[in-house]
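Trainee: Right, I'll just put the structure down here and ask away after.
The values are calculated or read from the model by the stated rules, or taken from the named source; none is laboratory data. On a predicted model such as this, the values are computed, not experimentally measured, just so you know. No Cβ is skipped: glycine too gets one built from the backbone with ideal geometry, and neighbour counts run over all protein chains shown. Please note that ligands, DNA and RNA were not included when accessible areas were found on the heavy atoms of the full protein model with its side chains. Shrake-Rupley method; radii C 1.70, N 1.55, O 1.52, S 1.80 Å.
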Amino acid sequence: MIPFRNGGRYDTRGILDSIGVKKAKMGAGDKDPAYIMAQNTCLKFIVLTLLFIGFVIVVLGTTIYKVDLRSKAAQQETENEKVVSRLEERNTHHRLIETHINLKTALKGQVTDLQEVGSFYHLVQNELSKLKKSLPPNLHFRRKIDIFAKRVDVTLKTILERMSSRGRRAQDLMAEMERATRTEVARDKLEENRYHDFFLKQKGRSHDEIAKLEEEADQNPIKGFNTETKAKDVKVKAKREKHRVKMVVESFFKWFHEELEEKGTKGLKSSSEDDVSRWKKFRSNVEAALVEAAMGSPGKRDLSALELQLRDDMDLAGWDYPSSADLRTLVEKYGEMIQRASMLLHMDQIRKVRERYLSNFDTYEAMDKIEELMVYGIVPAEILDGIYAQVRASETDCSFLGPHPHTSLEGVIETFGTLEAAKSRCSLLDECGGITELQQGSLEEKEEKSSSPAFTIRRGSKLHNSKYSRSWVKDCRGKETELEDAVIQAQAEAIAGF
C-alpha cells in the first residue's frame, strides 16, 4: 500500500501491515483507535531492542576500556620517564658535587704552594745573608757572591710573582666554587621536592610506591636505545653510580662513628657556635697574612702576633699541637680543631641523617643531607674529598711493580708489618706512590730501632739508590677509567694551568 495518497494525505496502513500491526477500535462504542500486534512480533521487537542496546553497551564499554588502557599506559610511561630522568639527574648532581670538591681541594693546593714558595724564598734570603756574614773580607769574592745573590733573588721573585697571580686567582675561584656548590645543592633540593610533589600530590602515590617505581626503573630495560647492548651499558652504569654514592654515604657514617663517636673530643673542651665562628674568621685572616707574606707584602699584620694567638686559642680549647710547629703547621692544626668542634656541636643532626638512612636505606636522600651539612660548614669538604678519593681508589685495579732491589722512595706516610697490608693501604690513597721495605742495616731502620721487617708506604714514585732497602712502585694504569672519572681527575690535576 502506498503511504501517500488522496492529495498527499499520509496513510500508515501499508507500513503497519508490513510489520504485523493492525488498526482496530476499542472503548465505548468502538470509538477509540487502537493497534493490535501479534505476540511473536512483539517478542521479536523486544529481542531486537535488547540486542541493539547490548551492542551499544559493548561498543561503548570496549571504547572506554581502550581509552582507559591507553590513559594508564601513557600515565605509566610518564611516571617511568619522570623516575628515570630523576635518577639520571641525581647521578649527574652527585658527580658535579664531587667535581666541585676536587677542584676546591686543587685550588687550595695552589694557595698552599704559594705559601711554600714564599717560605722557601725567605729561607734562601736568610741563608744568603748568613753566608755573606761568614765570608772573609775579600772584596772580589764578595762581589761574586753579591752578583750570585741578586740573580737568585731575581729568579725567585719571578717565580713568586707567577705563583702569586695563580694564588690570587685560586682564592677567587675557591670563593666562586663555594657559591656554585651552594647553588647546585639548592637547585637539586628544589628538583627533589618537585619530583616528590608530582607523585605524592598529583598522582596520589605514597613514599613506598615511589621507592618501588625507582627500584623497577633500576631493573627494567630502558627504552629509547637502538640496541640492547647500549641499554644494558646504561643500566650497568646507573647501578654503578648508585653503588658509588652508597659507598660514599656508608664510608662517611663509618668515619663519623670511628672519629667522633668513639674518639670523642680528643681533649677538646666544650665550645660554642660563637667560638667556632670566631676561630674561622681568625683562621681566614691568618691565611690571608701568609699569602701576603709569601708575596713579599706582609702588610700591617704581625705574623708573630698571629702565631701567638693561634697557640693561645688552641691552649684554651685544650687542643693538642706540636710545640715546635711553625706557623703553617699551626694553621693546619687550628683548622683541624675548628672541624672537630663544628662537628661535635652538630652531632645530633648527623645522627638523625644516619638513623633516617638505616630506616629506609635511601642512598640519595642521605647523600643530599650530607651535602647540605657540607654547604653549611658542618661537615668539612676535606672529609668528603678524602672519602671520594678512597672510593675512586677502590674502583681502580692497581698493581705494584717490583721489587726493585737497593732502591727507596721518598716521603714516608705510614708503616706496616706486612707487604699485603701496605699494598692494601697504598691502593686506597691517591698520594701514595709506592712501598719501600726497610731491610736490616738501613739507616731509617736504626732510627726506628726496629728489627722486624718494616714496609712503609711513600708519597714519591721516583726510585733512589739505597743499599739496605727495596721498593715497589704503584701502577694504576692497567684498568680503563670511565670518562667521568677521567674528567674529574684531569680537572683536579690540571687546575694549575688556569
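Trainee: If you take all C-alpha pairs in the stretch 87-203, what percent of them are over 18 Å apart?
Mentor: 68 percent
Trainee: At a Förster distance of 30 Å, what's the computed FRET efficiency of Gln439 paired with Val152, Cβ-Cβ distance as r, to 0.05?
Mentor: 0.15
Trainee: What shape does the stretch 24-176 have by the C-alpha gyration tensor, where a ≥ b ≥ c are the square roots of the eigenvalues, rounded means a/c under 1.5, and otherwise prolate means a/b greater than b/c and oblate the rest?
Mentor: Prolate shape, in that a/c is at least 1.5 and a/b is the bigger ratio.
Trainee: Enter the accessible area per residue of the stretch 281-419 (Å², integer; probe 1.4 Å; all protein chains in place).
Mentor: With the other protein chains kept in place, the stretch 281-419 gives 48 Å² per residue.
Trainee: Taking 0.36 nm per residue of separation and subtracting the Cα-Cα distance, what length does fully extending Arg142 through Phe120 add?
Mentor: Full extension from Arg142 to Phe120 adds 5.6 nm.
Trainee: Another question, if that's okay. Using R₀ = 30 Å, calculate the FRET efficiency as 1/(1 + (r/R₀)^6) where r is the Cβ-Cβ separation of Leu419 and Glu332; round to 0.05.
Mentor: Approximately 0.45, to the nearest 0.05.
Trainee: Now, a different point. If you roll a 1.4 Å probe over the stretch 243-282 with all protein chains in place, what percent of the accessible area is carbon or sulfur?
Mentor: Answer for the stretch 243-282: carbon and sulfur cover 50 percent of the accessible area.
Trainee: Report the charge-dipole magnitude of the stretch 289-371 in Debye, nearest 20, computed about the Cα centre from +1 at each Lys and Arg Cβ and -1 at each Asp and Glu Cβ.
Mentor: So the dipole magnitude of the stretch 289-371 works out to roughly 120 debye.
Trainee: Express in whole angstrom the spacing between the alpha-carbon centres of the stretch 249-272 and the stretch 103-121.
Mentor: Comparing the Cα centres of the stretch 249-272 and the stretch 103-121, I get a distance of 28 Å.
Trainee: Work out how much length Glu216 to Ser394 would gain on full extension: take 0.36 nm times their residue separation and subtract the Cα-Cα distance, in nm to one decimal.
Mentor: That pair, Glu216 and Ser394, stretches by 61.3 nm at full extension.
Trainee: Pop out the carbon and sulfur fraction of the accessible area of the stretch 61-102 as a percent, whole number, probe 1.4 Å.
Mentor: Carbon and sulfur: 57 percent of the exposed surface of the stretch 61-102.
Trainee: Quick check: from the Cα gyration tensor, does the stretch 280-415 come out rounded (a/c under 1.5), prolate or oblate?
Mentor: Oblate, since a/c reaches 1.5 and b/c is not below a/b.
Trainee: Send over a whole-number figure in Å² for the accessible area per residue of the stretch 58-98, probe 1.4 Å.
Mentor: With all protein chains present, the stretch 58-98 gives 62 Å² per residue.
Trainee: What figure in square angstrom, to the nearest 10, would you give for the accessible area of His196 with a 1.4 Å probe?
Mentor: Rounded to the nearest 10, that gives 40 Å².
Trainee: Let me ask something additional. In nanometres, what is the gap between the two model label sites at His346 and Arg194, each 7 Å from Cα along Cα-to-Cβ?
Mentor: Taking the two extended label points, one gets 2.6 nm.
Trainee: Mind putting a number on the dipole of the stretch 30-95 about its Cα centre? Charges go on the C-beta only, +1 for Lys and Arg and -1 for Asp and Glu, and I need it in Debye to the nearest 20.
Mentor: 220 debye
Trainee: I'd like the accessible area for Lys263, computed on protein heavy atoms only with a 1.4 Å probe and all protein chains in place. Round to 10 Å², please.
Mentor: Accessible surface of Lys263 is approximately 110 Å².
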